[in-house]
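These notes are about the structure you will find just below.
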Amino acid sequence: MNPPLLELRGLTCRFSGQTVLDAIDLRVQHGERVALIGANGAGKSTLLQAISGLCPLHAGSIWLNGRRIDGLAPEQIARAGVARSFQTPQVYPKLSVADQLRCTLLAARRGGWLRRRAGDAALEHRVALWLQQLRLQSQADRRADELDDTSVRVLALGLALAADASLLVLDEPVAGMHRDQAERMAALIAQAAQQRTVLLVEHDLQTVFRLASRVVVLHHGRVLADSTPQAVRADPRVQAVYFGVGR
Ligand SMILES: Nc1ncnc2c1ncn2[C@@H]1O[C@H](COP(=O)(O)OP(=O)(O)O)[C@@H](O)[C@H]1O
Ligand SMILES: [Mg+2]
């Protein structure tokens, strides 16, 4: 049988004596759309950071398609097929919106990119398509440091979606967006998910229940529940620690 796309085995992360992730076991199969939810401080972002090679492991291991990836540099993990968006959006402040999409799409071509430079018609067509899908056409030539916060979030998510990754790892992709914008981004994520596997952290439950085929609840660095969205929503333990209080 094929290995799962992503597997965490006994993933444990500690910060100054505090155990933030406590022996997490998790398998994500190809094509799944997994939402990770839990109260603030549950360890969600740390789990995503660990997958991306941005947080050292205290114990355990991380596997992508049967290959061990913990210990690799973040750029090696990205090249292995993991695209990321961050809770605080990461873009290139001095590059124009269109150039950032161009760079991402060129990088996604891997071996072909030296021969097919920026300016070729197929690439420009794809840049235009992404600008349209993200509704950033009017901002195409503006630098990211000239954009409003929401446009930066949209761009950062767009860059993750446009990367040719097998696993999309998204940390609160629609946080701070208006409802209609959140819906639009959820539609783009759903579209990208047709060819990719998605692991996302999200507080916006409408987005979670719209996108996820499976919901994992983290509580104090442990998996409290892991099931279908319907089963998780009905789980009294989850209601007590997450839906009921502090939301
Ligand atoms: N780099 C770090 N150094 C020290 N503590 C950290 C660091 N990153 C996260 N933590 C701690 O780990 C816990 C979980 O944080 P985080 O993963 O960001 O939670 P969540 O994303 O679920 O809100 C928090 O108590 C936080 O203070
Ligand atoms: Mg977080």
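The values are calculated or read from the model by the stated rules, or taken from the named source; none is laboratory data. All values derive from a computational prediction rather than experimental measurement. Here the Cβ is made from the backbone with ideal geometry for all residues, glycine too, and neighbour counts use every protein chain on show. Calculation scope for accessible area: heavy atoms of the full protein, side chains included, ligands and nucleic acids excluded. Shrake-Rupley method; radii C 1.70, N 1.55, O 1.52, S 1.80 Å.
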Along the dipole axis of region 118-247 (charges at Cβ: +1 for Lys and Arg, -1 for Asp and Glu; origin at the Cα centre), the most positive-end residue among Met185, His220, Gln139 is His220
Quick one: length gained pulling Ala59 to Phe243 fully straight, 0.36 nm per residue minus the C-alpha distance?
63.2 nm
Could you state the number of Å between the C-alpha centres of region 22-92 and region 181-247?
16
How far apart, in nm, are the 7 Å Cα→Cβ label points at Gln137 and Gln18?
4.7
Accessible area of the chain with a 1.4 Å probe: how many percent of it is carbon plus sulfur?
49
For a Förster distance of 22 Å, can you work out the FRET efficiency between the beta-carbons of Asn40 and Arg222, rounded to the nearest 0.05?
0.90
Express the C-alpha Rg of region 83-164 as a ratio against the empirical globular expectation 2.2 N^0.38 Å, rounded to two decimals.
1.02
Using only Cα atoms, tell me the angle between helix 179-192 and the longest principal axis of the chain; keep it within 0 to 90° and round to the nearest 10.
90
Using a Förster distance of 25 Å, the FRET efficiency for Tyr92-Arg68 (Cβ separation, nearest 0.05)
0.25
Extension gain from His30 to Gln181, taking 0.36 nm per residue of separation minus the Cα-Cα distance:
51.6 nm
Please list, in order, the residues from region 22-37 whose amide nitrogen is less than 16 Å from a point placed 7 Å along the Cα→Cβ vector of His203.
36-37
Segment Ala128-Gln191, length gained on full extension (0.36 nm per residue, minus Cα span)
21.0 nm
Tell me the per residue accessible area of the chain using a 1.4 Å probe; a whole number in Å² is fine.
48
Where does helix 121-133 land angle-wise versus the long Cα axis of the chain, in degrees 0 to 90, nearest 10?
50
Nearest-10 value in Å² for the accessible area of Lys94, using the 1.4 Å probe
140
